[in-house]
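Worksheet: the structure to be examined is printed underneath.
Derivation of every value follows stated rules applied to the coordinates shown; laboratory data play no part. No experiment lies behind these values; they were computed from the predicted model shown. We place every Cβ from the backbone using ideal geometry, glycine too, and count neighbours over all the protein chains shown.
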Amino acid sequence: MRSKLSSHALLFIAAGLYLALGGLAGFATVNAILLLVLGIMRYREDRNRLAIVVVVISALVLFANQIGLVVVVVLISLGLYFLKSRHSSPGKRESRPRFFLKLKKDRESWLLPSMSYWHAFGEVRLDLSTAIPEEKETVIVLQGLIGDIDLIVPVEYGVELEASAMLGQIVWDQRQQSGGFQRVKWRSPDYENKEQQVKLQLVYLVGNIRIRPI
């Protein structure tokens, strides 16, 4: 009985939030955000091509309806990106802004430099267990509007994670946060003593961020 009441309460709260946000931002914008999140989650599950179409269309609707907000978010995001890039590792670093980013290195052995990318839309798959690091501490900065990030990190690595997503989910160290305004700041207890270290700075407006130990 209690679970039924709580389900009804959640339904009423969700309906109230939907009506309130629709009245403030417009129902087209709210529907586009919902479809965007659902599309990303569906693509995450089975790489469905229809999910990509839904994500792209939803993003275009958001851009058309809230172009001023999008411009503000892009400018703030770019500013934060350049600030984080400046304070990252002073060694060799790949750094560039892109509109679309598709970065997939999860099979053959590959060199791992510190890297920094800003992008509007991105899909990143990195398996650090197959990587050869160029430095003791590798810094990876990824920022953008919409991102699907999947990082595999060996358990013997020291990890320092700073991740945030206005909408979406963050999964790390067998823990998960999902919903709105998610922020995670975490560091391996023995980070300084690890032979290899990786510092992750991941910031997205809408994001699926997954850090998997192996």
Packing-ranked peptide list from 201-212, 48-59, 138-149, 163-174, highest mean Cβ count within 10 angstrom first, is 138-149, 201-212, 163-174, 48-59
Would you please state which residues of the range 143-167 a label at R98 would reach in this model, taking the label point 7 Å out along Cα→Cβ and a backbone N cut-off of under 19 Å? 143-152
For every other residue with a beta carbon closer than 10 angstrom to the beta carbon of I170, add +1 if it is Lys or Arg and -1 if Asp or Glu, then tell me the sum. +3
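Taking neighbour counts of Cβ atoms within 10 Å as a proxy for exposure, in what order, fewest first, do K199, K194 appear? List each step's numbers first, then the result.
Values: K199 19, K194 15.
Arranged by neighbour count, lowest to highest, K199, K194 become K194, K199.
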Just tell me which aspartates and glutamates come within less than 14 Å, Cα to Cα, of K194; anything on the same chain fewer than 8 places away is out. E135, E137, E156, E160
How large is ³J(HN,Hα) for each residue in the range 120-133, as worked out from phi by the Karplus curve 6.51 cos²θ - 1.76 cosθ + 1.60 (θ = phi - 60°), to whole Hz, x for Gly and Pro? 6, 10, x, 10, 10, 10, 10, 9, 6, 6, 9, 9, 10, x
Take L19 and L50, extend 7 Å from each Cα along the Cα→Cβ direction, and tell me the distance between the two endpoints in nm. 3.1
Take each of the peptides 115-128, 26-39, average the number of other beta-carbon atoms within 10 Å over its residues, and list them starting from the highest. 115-128, 26-39
